[in-house]
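Read through the structure below, which is laid out as structure tokens, and then see the notes.
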Number of protein chains: 2
Amino acid sequence: MATIRDVAKLAGVSVATISRYLNKSGYVNVETEQKIKKAIEALNYEPNAVARGLAGKKTNTIALILPDISNPFFPELARAVEDVASMYGYTVILCNSDDEGVKEKSYIEVLKKKYIDGIIFASNTLDSADVEQMTKKGIPVVCLDRVPPKQSCSVVRSKNREGAKLAVEHLLGMGCRKIAHIYGPQEFITAKERLAGYEESVKHLDWYSPTFMIQGDFRIEGGIRATELLMERHPDVDAIFAGNDLMAVGALKALHRMGVQVPGQVAVCGFDGIGMTEITQPELTTVAQPIYEMGALVSRILIKKIEGTLEADQTYELDVALVPRESTLRRNGHESS
Amino acid sequence: MATIRDVAKLAGVSVATISRYLNKSGYVNVETEQKIKKAIEALNYEPNAVARGLAGKKTNTIALILPDISNPFFPELARAVEDVASMYGYTVILCNSDDEGVKEKSYIEVLKKKYIDGIIFASNTLDSADVEQMTKKGIPVVCLDRVPPKQSCSVVRSKNREGAKLAVEHLLGMGCRKIAHIYGPQEFITAKERLAGYEESVKHLDWYSPTFMIQGDFRIEGGIRATELLMERHPDVDAIFAGNDLMAVGALKALHRMGVQVPGQVAVCGFDGIGMTEITQPELTTVAQPIYEMGALVSRILIKKIEGTLEADQTYELDVALVPRESTLRRNGHESS
DNA sequence: CAAGTATGTGGTACCGGTTACACATACAAT
DNA sequence: ATTGTATGTGTAACCGGTACCACATACTTG
């Protein structure tokens, strides 16, 4: 591998000139430029990114810390992040935290040592102190969907509360009368907000009772168990709004096992808009987040922060959209109990 | 951030000694060791990975090049790769090639400049010349499921041909009489081998005809179209073996739309064992590859190659297993045509 | 007692870039 | 003629480590 000094020698100029040429910083004579071009060509020279990183403290690398890439929500997000990053010349490091603080911290340690340019957090646990510490040290951070208590970094999120309301309204519009909610772990702000949105939408209804709200775990298994519990407790529910799609899938599975017709007897609505919702039978109505857009946005924001094009930290709230599918399809408003 | 020179000064020794201490290379007196420890503690010193990379040409970073992380086969794989990598102190860079040679090459360029320690290819296009060129330059490469023509690197794959036979035998055992196959793009060796396995298993049967083999695209959409075509051409098939799970899902969808009962009228079997197979209705029988194990293995092999613990390139063939589920469940052997 | 070996440490070149600064020249404005 | 500004280039320190080599001691061993 040729080095910048080889190029300098061959072109008959100094390394400084080569460097200026490469980075388009400072003056370079047109003729000199030609000579340099030829030399680079001849030597097949490629500047060494590590040396650049050391000298310039910039590695063109960002990290994406998420709970688990095998969670179906994240692949699309990761794809978006990487697409945008590579468009801007950045490389993406993947980290699975399992939502464990210890793992997150240890990743951060390593990433700092590697002069990573910035971090995207789609993982939960770290508090605003951690984030502040990062930004203090000059490492830009952008959070996704999980807000540190005090606003200490840019955040991209979507309208969970509104989404939950959309879901409830849709179900009501479909003629459902008793709508239960399976909510996710309350450490997750998304779970909390969706629950809040649900509660707000239904608390004024005459059938309302806290017993219609059941805890799940944001995974299929938890959706199954919650549904079993729910149907035992309230055989009269005619709709389930799950806090995410995985639990909705669980609900579908559980109902199917119990021989309950979906949407005939019970309608089911999820949240997130992951691809899975299109392959269930019946296909799942869901409140879709613009997952790809979120990833692309979060990536773009991070890069802007890195490159100094972005001033203040900001929160970006993206719209969600109800995607009506078969799992909530009812002919008219009067099939319920 | 403290540097090694700061530590040296505080501990009253030279940087060489600090370096020896850090890397456990060469002698360090026990007392000196104590002093160094204290100094490191006091300064909160963390060795700079980039500087190390430059000096030692080792970055403790590997790259995973795959077609698309949003393809449901890959998240689990990526997770396994990253788990093992992080266990050994390596960091993983994610690259989506979309199976396009241009993108692959451009990733490789960047990765080389970054002194990446090794690459895992789960992407298709590059030929053995490319791979050889890499290994010549000292960058270890391990391929997954996609074999370069000439063995020029270690390969992890699974028994596609045998898997296809398992599938056919299973379907025959379930009493199916006319088994069709939707095969994937023949650029993929996996598609080719599965098709070959199918053909071998059925060609001696009296109903055998090439018209039972239909091209798909390894995605849901292609599975749907292939199934439509197939059912039109052969309304008498009673089983579909799809070359991967996504196409099997497509088959399921298409059959459902046509009002064909699964498994009653047509049994469906997939290949891969992705999570999706458990959420379809009916749940999908599939020939499962040990996806996580494959990822873990490929990662472990790469790291061994990097660290020189591994001598010769080798091909690892992993077993597949038929996972019988509802989509092929038939009471007895005589429901067919 | 001389030579050999294990232990312990420091000096410094090097990895391959970036960049501050000094210096040189050309041309325009005062 | 003098000052100023834009253009163009080179020297060398620096980023923060690694590692080769020289050198100093302390014990063995023949």
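Picking from A:GLY175, A:GLY275, A:GLY250, which is most flexible by a Gaussian network model of chain A using Cα springs under 10 Å?
Top of the fluctuation ranking is A:GLY275.
Using the charge dipole of region B:248-318 (Lys, Arg: +1 at Cβ; Asp, Glu: -1 at Cβ; taken about the Cα centre), state which of B:GLN314, B:LEU297, B:LEU252 has its Cα farthest towards the positive end.
B:LEU252
Pick from A:ASP68, A:ASP206, A:ASP236: which residue has the top mean-square fluctuation in a GNM of chain A where Cα pairs under 10 Å get a spring?
So, out of A:ASP68, A:ASP206, A:ASP236, the one fluctuating most is A:ASP206.
Given charges of +1 on the Cβ of Lys and Arg and -1 on the Cβ of Asp and Glu, with all other atoms neutral, how large is the dipole of region A:198-331 about its Cα centre, in debye to the nearest 20? Provide the component values of the computation, followed by the final result.
Working: 12 positive and 20 negative charges, 69 e Å.
The dipole of region A:198-331 has a size of about 320 debye.
In region B:54-95, which residues become less accessible by 20 Å² or more once every protein chain is in place, relative to the chain on its own, using a 1.4 Å probe?
B:LEU54, B:ILE69, B:SER70, B:PRO75, B:ARG79, B:GLU82, B:THR91, B:VAL92, B:ILE93, B:LEU94
Cα gyration tensor of the protein assembly as shown, axes a ≥ b ≥ c as square roots of the eigenvalues: rounded (a/c below 1.5), prolate (a/b > b/c) or oblate?
It is oblate, given that a/c is not under 1.5 and a/b is not larger than b/c.
Explain nothing, just compute: Karplus ³J(HN,Hα) = 6.51 cos²θ - 1.76 cosθ + 1.60, θ = phi - 60°, for every residue of region B:159-166 in order, whole Hz, x for Gly and Pro.
Going residue by residue, I get 7, 5, 4, 4, x, 4, 5, 4 Hz, with x marking Gly and Pro.
Would you grab the residues whose amide H sits under 5 Å from the one on B:SER158? Only those 5+ places off in sequence or on another chain, please, with H modelled 1.01 Å from N.
Counting only residues 5 or more places away or on other chains, the set is B:LEU318.
Can you tell me which aspartates and glutamates have their Cα less than 12 Å from the Cα of A:LYS305? Leave out same-chain residues fewer than eight positions away.
Partners within reach: A:ASP117, A:ASP313.
What FRET efficiency comes out for the pair A:GLU109/B:GLN261, r = Cβ-Cβ distance, R0 = 56 Å, nearest 0.05?
Numbers: r = 56 Å, r/R0 = 1.00.
Calculated value: 0.50.
Rounded, prolate or oblate: pick one for region B:182-231, where a ≥ b ≥ c are the square roots of the eigenvalues of its C-alpha gyration tensor, a/c under 1.5 means rounded, and failing that, prolate if a/b is larger than b/c, else oblate.
Judged from the Cα gyration tensor, region B:182-231 comes out oblate (a/c at least 1.5, b/c at or above a/b).
So how tilted is helix A:220-233 from the main axis of chain A? Cα-based, degrees 0 to 90, rounded to 10.
The answer is roughly 20 degrees.
In nm, give the distance between the simple-model label positions of B:LEU43 and A:THR309, each being 7 Å from the Cα along the Cα-to-Cβ direction.
In this crude spin-label approximation the distance works out to 3.8 nm.
Where in region A:52-158 are there GluC sites (Glu not before Pro) that are in a DSSP coil and have at most 15 other Cβ atoms within 10 angstrom of their Cβ? Before the final figure, lay out each step's value.
Numbers: sites: A:GLU76, A:GLU82, A:GLU100, A:GLU104, A:GLU109, A:GLU132; in loops: A:GLU100.
Passing both the DSSP loop test and the Cβ count: A:GLU100.
Quick query: amide H of A:ALA239 versus all other amide H atoms, modeled in the peptide plane; which residues come in under 5 Å with a sequence gap of 5 or more or a different chain?
A:LYS178, A:ALA180, A:ALA267
Over both sides of the B-A contact, add up the buried accessible area with a 1.4 Å probe and give it to the nearest 100 Å².
Interface area, both chains combined: 3800 Å², rounded to the nearest 100.
Between the helical axis of A:74-87 and the dominant principal axis of chain A, each derived from Cα atoms, what acute angle in degrees is found, rounded to the nearest 10?
Roughly 30 degrees between the two axes.
Would you be so kind as to identify which of A:PHE121, A:THR32, A:PHE73 lies farthest towards the positive end of the dipole of chain A, taking Lys and Arg as +1 and Asp and Glu as -1 on Cβ and the Cα centre as origin?
A:THR32
Just to check I understand the Karplus step: with θ = phi - 60° and J = 6.51 cos²θ - 1.76 cosθ + 1.60, what whole-Hz values come out for region B:186-200, glycine and proline as x?
Once rounded to whole Hz, the list reads 6, 5, 7, 4, 4, 4, 4, 5, 5, 4, 4, x, 4, 4, 4.
Taking each residue in B:139-145, count the Cβ atoms of any other chain within 10 Å of its Cβ, then average. What number comes out?
For this peptide, the per-residue mean of nearby foreign Cβ atoms is 0.
With θ set to phi - 60°, apply the Karplus curve 6.51 cos²θ - 1.76 cosθ + 1.60 along region B:248-255 and write out the HN-Hα couplings as whole Hz, x wherever there is a Gly or Pro.
5, 4, x, 4, 4, 4, 4, 4
So if I place +1 on the C-beta of Lys and Arg and -1 on the C-beta of Asp and Glu, and nothing else carries charge, what would the dipole magnitude of the protein assembly as shown be about its Cα centre? I want it in debye, nearest 20.
Working: 80 positive and 88 negative charges, 506 e Å.
Dipole about the Cα centre, nearest 20: 2440 debye.
So what is the relative contact order for region B:4-47, in percent, with contacts set as C-alpha pairs under 8 Å and at least six apart?
This gives 41 percent for region B:4-47.
Translational D (Stokes-Einstein, µm²/s) of chain A at 4 °C and 1.567 mPa s when Rh comes from the Kirkwood sum over C-alpha pairs?
The diffusion coefficient I find is 58 µm²/s.
Determine the percent antiparallel among the DSSP beta bridges restricted to chain A, to the nearest 5.
In chain A, DSSP labels about 10 percent of beta bridges as antiparallel.
Evaluate peptide B:45-53: per residue, the Cβ atoms of other protein chains within 10 Å of its Cβ; return the mean as an integer.
Mean partner-chain Cβ count within 10 Å for B:45-53: 6.
Between region B:1-51 and region B:149-196, what is the separation of their alpha carbon centroids in Å?
Cα centres, region B:1-51 to region B:149-196: 56 Å.
Which of the pairs A:LYS114/B:LYS137; A:LYS137/A:LYS165; A:LYS112/B:LYS38; A:LYS113/B:LYS38; A:LYS137/B:LYS35 have their Cα atoms more than 32 Å apart in this structure? Before the final figure, lay out each step's value.
Numbers: A:LYS114/B:LYS137 24 Å; A:LYS137/A:LYS165 40 Å; A:LYS112/B:LYS38 22 Å; A:LYS113/B:LYS38 20 Å; A:LYS137/B:LYS35 28 Å.
Over 32 Å Cα-Cα: A:LYS137/A:LYS165.
Based on Cβ point charges of +1 for Lys and Arg and -1 for Asp and Glu, what charge dipole magnitude is obtained for chain A about its Cα centre, in debye rounded to the nearest 20?
Dipole of chain A, to the nearest 20 debye: 1260 debye.
Per residue, what accessible area does region B:232-337 have, given a 1.4 Å probe and all protein chains present, in Å²?
That works out to 40 Å² per residue.
Can you find, among A:LEU43, A:ILE139, B:ASN60, the residue sitting farthest towards the positive end of the charge dipole of the protein assembly as shown, where Lys and Arg contribute +1 and Asp and Glu -1 at Cβ?
A:LEU43
Round to a whole number: what % of the accessible area of region A:4-47 belongs to carbon and sulfur, probe 1.4 Å?
Accessible surface attributable to carbon and sulfur in region A:4-47 totals 51 percent.
Going by the rotation axis that takes chain A to chain B, pick out the residue of A with the closest C-beta and quote the gap in whole Å.
Closest Cβ to the A-to-B rotation axis, residue and whole-Å distance: A:GLN281, 2.
Work through the residues other than B:LYS35 whose Cβ is under 13 Å from its Cβ and net out their charges, Lys, Arg +1 and Asp, Glu -1. Numbers along the way, then the final one.
Working: positive: B:LYS9, B:LYS37, B:LYS38; negative: B:GLU31, B:GLU33, B:GLU41.
Net of charged neighbours comes to 0.
Could you check which residue among B:ALA191, B:ALA122, B:ALA312 shows the biggest mean-square fluctuation in a GNM of chain B with a 10 Å Cα cutoff?
Result: B:ALA312 has the largest fluctuation of those listed.
Taking amide H positions as placed in the peptide plane 1.01 Å from N, state which residues far from A:MET213 in sequence (5 or more) or on other chains have amide H under 5 Å from it.
A:HIS181
Using a 1.4 angstrom probe on heavy atoms only, work out the carbon and sulfur share of the accessible area of region A:134-217 in %.
C and S atoms contribute 54 percent here.
In deg cm²/dmol, rounded to 500, what helix-only [θ] at 222 nm does chain A give when every DSSP H run of at least 4 residues adds -39500 (n - 2.57) and the total is split over its residues?
When only DSSP H runs of four or more count, the value is -13500 deg cm²/dmol.
For region A:4-47, report the accessible area per residue in Å² (1.4 Å probe, heavy atoms, rounded to an integer).
Per residue, region A:4-47 has an accessible area of 69 Å².
Other chains' Cβ within 10 Å of B:271-283 residues: what's the mean?
Average per residue, whole number: 3.
The values are calculated or read from the model by the stated rules, or taken from the named source; none is laboratory data. Predicted model only: the values in this text are computed from it and were never measured. Here the Cβ is made from the backbone with ideal geometry for all residues, glycine too, and neighbour counts use every protein chain on show. The protein model used for the area step is the full one, side chains on, heavy atoms only, and it has no ligands, DNA or RNA in it. Shrake-Rupley method; radii C 1.70, N 1.55, O 1.52, S 1.80 Å.
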